[in-house]
Amino acid sequence: MIFWKHLVLALALPCMMAVAQTAPPTPTPRSRLSVLAPAPDWSRLDIFQKTITRTEFLRLLNTIYAPDGAWKSVITVGPTSATVHPPGSKTPDFRLEFAPSAAAARPVPRDWKPAGSHSGATREKPLAGATIAIDPGHIGGAYAKMEERWFRIGNSKPVMEGELVLETAKILAERLTELGAKVVLLRTRNEPVTPYRPKDFVELARQELKKRGIANPRLRYNGPNDPQKMETVQWQSELLFYRVSEIRARAELVNEKIKPDLVIALHFNAEDWGDPADPQLTEKNHLHMLVNGNYSAGELANDDIRFDMLYKLLNRAAREEIPLNEAVADALAKATGLPPFEYHNPGRGRRITKNPYVWARNLLANRLYHCPVIFCEPYVMNSRPVFERVQMGDYEGTRAIGGVPRKSIIREYADAVAEGVTEWYRAKLKAQR
């Protein structure tokens, strides 16, 4: 068996060093940019000229990326081209020329390759030639409480999402490497990828709070139960650090350095556990997967989000992203027996396939990563059965849980994801022959 240290460190550390050399974040005066987002270079979309027909462009907008007409205030579609512009403006950001027909469409340029197109792949090694990046969600460790991904009941072992997914990622890396893939972990420790820390965002935090009408915010909050903590500079600067800067640093690794064929983002879910000093367990336990899509008109008013959506749409990531998430959803559902999670607000999540586990949602990670993304949200960490399995830790083989032989929760998760990816790659490989 190949150990994860040998798989990852030589590949990941040079990338992390590259991220550390980027310029420090500076507040932007642009009102149409998301926080910490660079102004988009619209000329980068010129590579997609005449690679898509009008019919296909509208289908992707209406069924995946911006349903219910959310795109209509920022994209004007004509007979032979589409013009992208800010809402209420006649000044175009970009003009896309359509291919006159599917047969006449130019090849789609992209850094990633779809399953079935890698030389050297076999049934035994279906992932040979593919580069897969694993994104263990969050940070964990000393940052777990800041991220609000930590709870403890009595003298139990603390439950930390960042650490659970990193354990899962290391086992998954072994499985995928055995199947022929080159695997890179975006982090190998419970440490941030971004070189910045909350102190670097204090001034920007003040500006963000001022936009919300909080001109003289408190500097710090009084513990996790402070009802006004979201109105403090501390909370806002921490959020900018771990939820924005960290994900943007990982995206830089993915898009500029690793350039994988696929990213697998690993997460655990959670229900509200109430007071962090006295967290409550729940009987709820479920599973869902997220693909990029379901942008709102308000989100598309931002220049960077409009650009990011079009980049994902035009490089056809959905062709691979949706069936891969369905395959992994099926494997996880079979392994865990979990029911599908339900979004009751279509503005947050929307079903776009017949698979009840797969939802479209516009998240920073699945938007910024240019390649297809498998985004996993299985298990409710504070559900009673998951909490008990986490306390058991990792182990080989199976143990009786409720009278049923079960793998450790870490291995069950990793093995199911590997199985789903493998089945899709094998199916595509067979179709190519």
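The values are calculated or read from the model by the stated rules, or taken from the named source; none is laboratory data. Since the model is a prediction, treat every value here as computed from it, not as a measurement. In this analysis, Cβ positions are derived from the backbone assuming ideal geometry, glycine residues included, and neighbour counts consider all displayed protein chains. Heavy atoms of the whole protein, side chains included, go into the accessibility calculation; ligands, DNA and RNA do not. Shrake-Rupley method; radii C 1.70, N 1.55, O 1.52, S 1.80 Å.
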Quiz item: Convex hull over the alpha-carbon atoms of the range 82-187: what's its volume per residue in Å³?
Solution: 210
Exercise. Go ahead and set up a Gaussian network model of the chain, Cα springs under 10 Å, then flag whichever of 255, 216, 302 fluctuates most.
Key: 216
Quiz item: Which of 125/354; 113/182; 113/430 have a Cα-Cα distance over 18 Å?
Solution: 125/354
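Can you tell me what percent of all Cα-Cα pairs in the range 135-237 are more than 15 Å apart?
Details: 3694 of 5253 pairs.
Percentage above 15 Å: 70.
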Quiz item: In terms of Cα to Cα distance under 24 Å, which lysines are near enough to residue 145, apart from those fewer than 8 places away along the same chain?
Solution: 157, 170, 199, 229, 284
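Given a 1.4 Å probe and every protein chain left where it sits, what share in percent of the accessible area of the range 310-367 is carbon and sulfur? Spell out each step's value before the answer.
Working: 1160 of 2240 Å².
Using a 1.4 Å probe with all protein chains present, the range 310-367 comes out at 52 percent carbon and sulfur.
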Quiz prompt | Within-9-Å neighbourhood charge of residue 406 [Cβ basis; K, R +1; D, E -1] | solution = +2
Quiz item: Which FRET efficiency value, to the nearest 0.05, do you get for residue 95 and residue 345 by plugging their Cβ-Cβ distance into 1/(1 + (r/R0)^6) with R0 = 30 Å?
Solution: 0.30
Self-check item: For the range 235-374, the spread of Cα positions along each principal axis, largest first, Å
Solution: 41, 39, 31
Quiz item: Residues with beta-carbon under 9 Å from that of residue 171, excluding residue 171: net charge, scoring Lys, Arg +1 and Asp, Glu -1?
Solution: -1
Practice problem: Give me the distance in nm between label points sitting 7 Å out from Cα along the Cα-to-Cβ direction at residue 398 and residue 156, one decimal. | Solution: 2.5
Practice problem: Before anything else, pin down the relative contact order of the range 340-433: Cα pairs under 8 Å, at least 6 apart, normalised by residue count, whole percent. | Solution: 12
Quiz item: Classify the range 32-148: rounded, prolate or oblate, from the alpha-carbon gyration tensor (a ≥ b ≥ c, eigenvalue square roots; a/c under 1.5 rounded; otherwise prolate if a/b is larger than b/c)?
Solution: oblate
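Which of rounded, prolate or oblate describes the range 364-433 when judged by the alpha-carbon gyration tensor and an a/c cut-off of 1.5? Before the final figure, lay out the partial values.
Details: a/c = 3.53, a/b = 1.58, b/c = 2.24.
Verdict is oblate for the range 364-433.
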Quiz prompt | Distance between the range 171-228 and the range 291-336 - C-alpha centres, whole angstrom | solution = 22
Quiz item: Each label point is 7 Å from the Cα along the Cα-to-Cβ direction; what then is the distance between the points at residue 104 and residue 334, in nm?
Solution: 4.5
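Regarding the range 324-399, what's the average projected area of the Cα-atom convex hull, expressed in nm²? Could the numbers behind the result be given before it?
Numbers: hull surface 27.1 nm².
Its Cα hull, projected and averaged over all orientations, spans 6.8 nm².
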Self-check item: the range 51-153: relative contact order as a whole-number percent, Cα under 8 Å and 6+ apart
Solution: 19
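Over the Cα atoms of the range 299-433, compute the convex hull volume and normalise it per residue, giving Å³. Kindly include the intermediate steps, with their values, before the conclusion.
On the way: hull volume 19.4 nm³, N = 135.
Cα-based convex hull of the range 299-433, divided per residue, equals 144 Å³.
Starting with the highest mean, order 56-68, 137-149, 83-95, 119-131 by the number of other Cβ atoms within 10 Å, averaged over the residues of each peptide.
Working: 56-68: 18.4, 137-149: 20.2, 83-95: 14.0, 119-131: 16.8.
Answer by packing, highest mean first, reads 137-149, 56-68, 119-131, 83-95.
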Quiz prompt | Sites residue 271 and residue 215, calculated FRET efficiency, Cβ-Cβ separation with R0 41 Å, nearest 0.05 | solution = 0.70
Practice problem: Calculate the dipole size of the chain relative to its Cα centre from +1 charges on Lys and Arg beta carbons and -1 charges on Asp and Glu beta carbons; express the result in debye to the nearest 20. | Solution: 860
Quiz item: Each label point is 7 Å from the Cα along the Cα-to-Cβ direction; what then is the distance between the points at residue 77 and residue 259, in nm?
Solution: 3.2
Self-check item: From the C-alpha gyration tensor of the range 196-299, square roots of 5λ in Å
Solution: 28, 24, 14
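Relative contact order of the range 291-379: what whole-number percent is it, with Cα pairs under 8 angstrom and at least 6 residues apart?
On the way: 87 pairs, mean separation 41.4, N = 89.
With pairs under 8 Å counted, the relative contact order is 46 percent.
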Quiz item: Tally Lys/Arg at +1 and Asp/Glu at -1 over every other residue whose Cβ is under 13 Å from the Cβ of residue 381; what's the total?
Solution: -2
Quiz item: Based on the alpha-carbon gyration tensor of the range 190-237 and its eigenvalue square roots a ≥ b ≥ c, which shape applies: rounded if a/c is under 1.5, prolate if not and a/b is larger than b/c, or oblate?
Solution: oblate
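If r is the Cβ-Cβ distance from residue 123 to residue 222 and R0 is 51 Å, what FRET efficiency results, to the nearest 0.05? Before the final figure, lay out the partial values.
Working: r = 59 Å, r/R0 = 1.17.
Computed FRET efficiency for residue 123 and residue 222: 0.30.
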Quiz item: By DSSP, what percent of the beta bridges with both residues in the chain are antiparallel, rounded to the nearest 5?
Solution: 45
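Give me the extension gain from residue 354 to residue 207: residue separation times 0.36 nm, minus the current Cα-Cα distance, reported in nm with one decimal. Please list the in-between numbers first.
Numbers: separation 147, 0.36 × 147 = 52.92 nm, distance 4.34 nm.
Stretched fully, the residue 354-residue 207 segment lengthens by 48.6 nm.
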Practice problem: May I ask you to compute the full-extension gain from residue 433 to residue 384, defined as 0.36 nm times their residue separation minus their alpha-carbon distance, rounded to one decimal in nm? | Solution: 12.9 nm
Practice problem: Compute the accessible area per residue over the range 91-192, keeping the other protein chains in place, probe 1.4 Å, unit Å². | Solution: 43
